[in-house]
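Here is the structure we will look at.
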Amino acid sequence: MQLSQILNSNTLGLNRTERQSLRPGQIIQGEVLKLYPENKAEIRLGGNRLIASLQVGLELGGSYHFQVASTAGSLQLRVLGEQLKRDDKVDLSKLLRQLGIKTTKHNLQLLQLLMRYSVPFDKNEFQQAIELLKGEKNKTHATAALVEMLAKKLPMTETILQSFVTSKTVTVSEQLNVVLQQANNLSSTLRTDIAQRIEGNIIRLTEAPLPFHEALMKEINNQNSADNQTLFRTLQGLGVISPKVDFADWVKEWNNFLNMRASSLEKGQTSPSLPFRINEEEVFQLFNRLAGERNRFLGAVQQFLNRWEPQLKLLQASGNTMPRELISEVRQDINETFSPLLNRQLAGGTEKDVLAVFRGIQSLGSKENLSLLTSLSKQAKDSVEFLNLAPKERFLEQVRQSITMLGLNYENRLVTEKEPGNLNDTLKGLLLQLASSEDNSGSQHQTKLLHLIQGLQLQSVNETPTNIQAMLQVPAERLGLVKDLMIELEGKKNDEDKIDPDYCRILFYLELGNLKETVIDVNIQQRSVSLTVFNNTRGIPGIANLFKDKLGENLANLNYRLTSITFKKLEEKENLPAIMDEKLSDSRQGVDFRI
């Protein structure tokens, strides 16, 4: 893969080589455009033309390596070596020798990119970058990251390098799913709690919204497949299913149900009712009550177990049956303790009834198991609220949740909010807690996620005195997309130092289920909107034109005017902005390659 395919050239393009951004000692390549008396010249440095004082005579039209001698008063430049010969390898090798730096393939490659994108650097920064590059296996991504770090004037540290590299090699959803798979493997009590909160955030960000019965079926099937009886015992203890049902019958009935349901859905028929006459609304309300009375319920469970667990465990170990008086006492205690909290009678009059409830209460004595039930109901509530939103509001809500829950605004909130509230519940906050805990085994994936979040933060906004560019990656499965949604905005600043909505550009990078890879370029000039849709699906212009009038109407309601919609193949990259060209040039990665 070529380095130019992964370099964020929009970021570098915004890093204009302005006089106020240069400092003594920095090196940059420039071209002499005009010569003036008194050893002054107009020189093109990057995207800008500057007037500089020179210490030696130069040839008009020639290119040179310059070093900043002074920025006080007029900009003073010192020429390093001779006029360039337009042969990168020869010219850059000479520069490395002048700097006393070894001429290697990777050093030349890094220097070549710095010159190509007009990124100023000094010798110390370059040496630090080389040292970091030596320790990286993937030199291509590391080199691209180092160029961006130098362009943004960031410290040359391993942490920042890993943040940039990670953001170039993995998407948010991919890394969230890796962490989700690892979340239950943590050992200590503290980390188990943190892991559950991390897991909850990830699920809320990535999983498609599910109605309660779908979420319940999914969890039951997962536990049955893992031979896990937790939910079975809990439902039995709460009186949702009969104590006469054993786990083997439970698994068998659910397997039969899921097969029948799949067949019915395939044929377009109504799905069969849940096994064992489970009333999903009743279960949903029960789980909601547990969530509302969580602390009281946990306290009651602990007191109940302290009273009865030793005695009942001893009876079970001895193989003896429960005396009738004991059955009656335990049953009475169960109903007096838990019926007011759950608004239902739990225990019947037989030993089997009492022991089934006892096992269910034991299961709910675990915070982890109780959290599972309450999270199912919370996810269901969130899903219903999310699905009831209009498409625009659904999209905005997912963007807001992504920024907040990932912790992309973590430092900003830390500084600007008097009481930042739930900062420690963001993924970044939780990962920082996890990194600082003593027992941090299996932390590789969590550390990588932290690097990814920091990489997204470092690349989220680029500013010059006149322009702003912003980039955001949004986990988008909840929106019905196949992969993450990438958004880029760029435009002039208005009087409030924000992107001017009258003059800006928005790029959407999408991976859709049916239309596949799609890029939408929204160009706004004086509130006139032109759209260019890049997609390879046959017939898409005809389909899209059905919505053109509605789109124009909605834009008019926002005081914008739709002027054109153009459709092009993804291969027509010559008309795309540079960064889009780079995103699309590596077909293995598609639009999900980088942010």
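The values are calculated or read from the model by the stated rules, or taken from the named source; none is laboratory data. What you are looking at is a predicted structure, and each value in this text was computed from that prediction instead of being measured. When we count neighbours, we look across all protein chains shown, and the Cβ atoms used for this are built from the backbone with ideal geometry, even at glycine. Ligands, DNA and RNA are excluded from the accessible area calculation, which covers all protein heavy atoms including side chains. Shrake-Rupley method; radii C 1.70, N 1.55, O 1.52, S 1.80 Å.
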Notebook entry, point to check: Given the conditions (1) open to solvent by 70 Å² or more (accessible area, probe 1.4 Å); (2) farther than 14 Å from residue 115 by Cβ, which single one is not true for residue 50?
Noted result: (1)
Note to self: Where the second residue is outside any helix (DSSP H, G or I) and crowded, with 16+ Cβ neighbours inside 10 Å and the first is of a type in the set (Phe, Trp, Tyr) and lies in the range 381-400, which pairs have Cβ atoms under 6 Å and are six or more apart or on separate chains?
What the structure shows: 386/209
Margin query: I'm trying to understand the selection: among the residues of the range 256-271, which are farther than 15 Å from residue 220 by Cα, of a type in the set (A, V, I, L, M, F, W, C) and over 35 Å from the mean Cα position of the chain (by Cα)?
Written below: 260
Next item on the list: For the range 115-143, enumerate the residues that are part of a helix (DSSP H, G or I) and over 29 Å from the mean Cα position of the chain (by Cα).
Entry: 115, 116, 123, 124, 125, 126, 127, 128, 130, 131
Item checked: Residue within the range 20-27 that is part of a helix (DSSP H, G or I), under 50 Å from the mean Cα position of the chain (by Cα) and closer than 26 Å to residue 127 by Cα present -> yes
Margin query: Suppose we filter 534, 547 for residues that are aromatic (Phe, Trp, Tyr) and open to solvent by 50 Å² or more (accessible area, probe 1.4 Å); which single one remains?
Written below: 547
Note to self: Quick check on residue 111: is it farther than 27 Å from residue 460 by Cβ, among the hydrophobic types (A, V, I, L, M, F, W, C), modelled with pLDDT of 90 or more and open to solvent by less than 20 Å² (accessible area, probe 1.4 Å)?
What the structure shows: yes
Next item on the list: Look through 157, 140, 104, 169 and report the one residue that is closer than 23 Å to residue 463 by Cβ, surrounded by fewer than 22 Cβ atoms within 10 Å (Cβ to Cβ) and of a type in the set (Val, Ile, Thr).
Entry: 157
Next item on the list: Could you please find all residues in the range 333-372 being in a loop (DSSP other than H, G, I, E, B) and either on the phi < 0 side of the Ramachandran plot or out of contact with any Lys or Arg (no Cβ under 7 Å at 6 or more places or on another chain) (or both)?
Entry: 344, 345, 346, 347, 348, 349, 350, 365, 366
Notebook entry, point to check: So which of 174, 199, 148 is open to solvent by 10 Å² or more (accessible area, probe 1.4 Å), over 17 Å from residue 374 (Cα atoms) and either in contact (Cβ under 8 Å) with a residue 60 or more places away in the chain or in a helix (DSSP H, G or I) (or both)?
Noted result: 174
Notebook entry, point to check: Taking the range 507-537, which residues are closer than 15 Å to residue 572 by Cα and charged (D, E, K, R)?
Noted result: 517, 521
Notebook entry, point to check: When you look at residue 435, is it part of a helix (DSSP H, G or I) and of a type outside the set (Val, Ile, Thr), yes or no?
Noted result: yes
Next item on the list: Give the residues of the range 170-195 that are at pLDDT 75 or above and out of contact with any helix residue (DSSP H, G or I) (no Cβ under 6 Å at 6 or more places or on another chain), sorted by residue number.
Entry: 170, 172, 174, 177, 181
Next item on the list: Considering only residues that are among the hydrophobic types (A, V, I, L, M, F, W, C) and touching a Pro at 6+ places or on another chain (Cβ under 7 Å), look in the range 385-405 and name the one that is most open to solvent (accessible area, probe 1.4 Å).
Entry: 387
Margin query: Could you go through the range 235-253 and let me know if any residue there is of a type in the set (A, V, I, L, M), free of Cβ contacts under 8 Å to residues at least 12 places away in the same chain, over 27 Å from residue 479 (Cβ atoms) and open to solvent by 50 Å² or more (accessible area, probe 1.4 Å).
Written below: yes
Notebook entry, point to check: Does residue 269 satisfy the criteria of being in contact with a helix residue (DSSP H, G or I) (Cβ under 9 Å, 6 or more places away or on another chain) and either more than 23 Å from residue 398 (Cβ to Cβ) or small (Gly, Ala, Ser) (or both)?
Noted result: yes
Notebook entry, point to check: What residue, among those in the range 426-449 that are surrounded by fewer than 19 Cβ atoms within 10 Å (Cβ to Cβ) and among the polar types (S, T, N, Q), is modelled with the highest pLDDT?
Noted result: 447
